[in-house]
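The values are calculated or read from the model by the stated rules, or taken from the named source; none is laboratory data. Nothing here was measured: the structure is a model prediction, and the numbers come from that model. We place every Cβ from the backbone using ideal geometry, glycine too, and count neighbours over all the protein chains shown.
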Amino acid sequence: MKPDEGIEVELEWSIPAVQRFAAAVRARYDAAVVAGREAKNASRAETNASIALWMSRFSRLFAPSRNSTRPAVKAPPLHRLVLLINFFCSKRTRERVVNQTVADIRNEHCEAFAGGERWKARWIVVRGYWSVGTALGFGKILALIDKFIGRFVK
Amino acid sequence: MKKRDGARSASEERVPGITGTEAVILRLLLDSGGQEMYGLELVKESDGRLKRGTVYVLLDRLEVKRFVESRELAPREDKSNPLPRRVYRVTGLGRKAMAAREAYRMVFA
């Protein structure tokens, strides 16, 4: 046997072992890569979920665009104002002044919205706040005048 | 001794006055031919003389003065709105007061 032959044999023997070793390393590396990727994906999913939760909490800031076709559940116009007034005003004022004014505004708002006039609908809501405020203020002023004049007339 | 309001006879009882804006409301209700109207209808037909913010306050005052009477529409009658609507019509006293006011204005105006 020539000295080179021995080396060649040894190399020949060793080459598959190296290949097996390399394959094992590669497999372990691939497994690590896959695991890392999964871990990365998992953390990304977790991040997305937390962002979605945050966005849902502040959904008003991330409201769908006006061209969105997704149906949305919304409170009727002046809903919060009515809740506030229900707390402060008497039943008579609520039934005869506030509810009637709000009913008119909601009716006009729906008409404008159905006609595709979104800006007009928004303007009607703004004007609605003013109308309700005026109605309550005007009623109070008239009541005060009645009280003041009535003191001298009667 | 001062008489209480409830003890006054019908002849002694003072008929309350009508302001200009209240007269507009009464005139519109009279022109509707006895038909009941709600506030927004009155505002639309008044050509800007009545405002949305004041019409219901004035209608309430007219009701206190017994010149108009109102009833609440049942939900079936008004399907467009979940809040119950109130419709108004002129009473006999309102007609007489309005006629007296217009006669007075014809003579003295």
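Observations on the model:
- Of all residues in the stretch B:21-39 being in a loop (DSSP other than H, G, I, E, B) and within 14 Å of chain A (Cβ to nearest Cβ), the one that is surrounded by the most Cβ atoms within 10 Å (Cβ to Cβ): B:Tyr38
So that you can scan it fast, the table gives a plain yes or no per residue for (1) in a helix (DSSP H, G or I); (2) touching an Asp or Glu at 6+ places or on another chain (Cβ under 8 Å); (3) facing chain B (nearest Cβ under 8 Å):
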position: A:Leu83; (1), (2), (3): yes, no, no
position: A:Phe87; (1), (2), (3): yes, no, no
position: A:Arg96; (1), (2), (3): yes, yes, yes
position: A:Thr101; (1), (2), (3): yes, no, yes
position: A:Arg106; (1), (2), (3): yes, no, yes
position: A:Arg122; (1), (2), (3): yes, no, no
position: A:Tyr129; (1), (2), (3): yes, no, no
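- Matching entry among A:Gly150, A:Gly139, A:Gly133 (being modelled with pLDDT under 75, within 13 Å of chain B (Cβ to nearest Cβ) and under 30 Å from B:Leu59 (Cα atoms)): A:Gly150
- Test result for A:Arg66, surrounded by fewer than 10 Cβ atoms within 10 Å (Cβ to Cβ) and modelled with pLDDT under 80: yes
- Subset of the stretch B:73-93 that is surrounded by 15 or more Cβ atoms within 10 Å (Cβ to Cβ) and modelled with pLDDT of 85 or more - its residue that is farthest from B:Gln35 (Cα to Cα): B:Leu93
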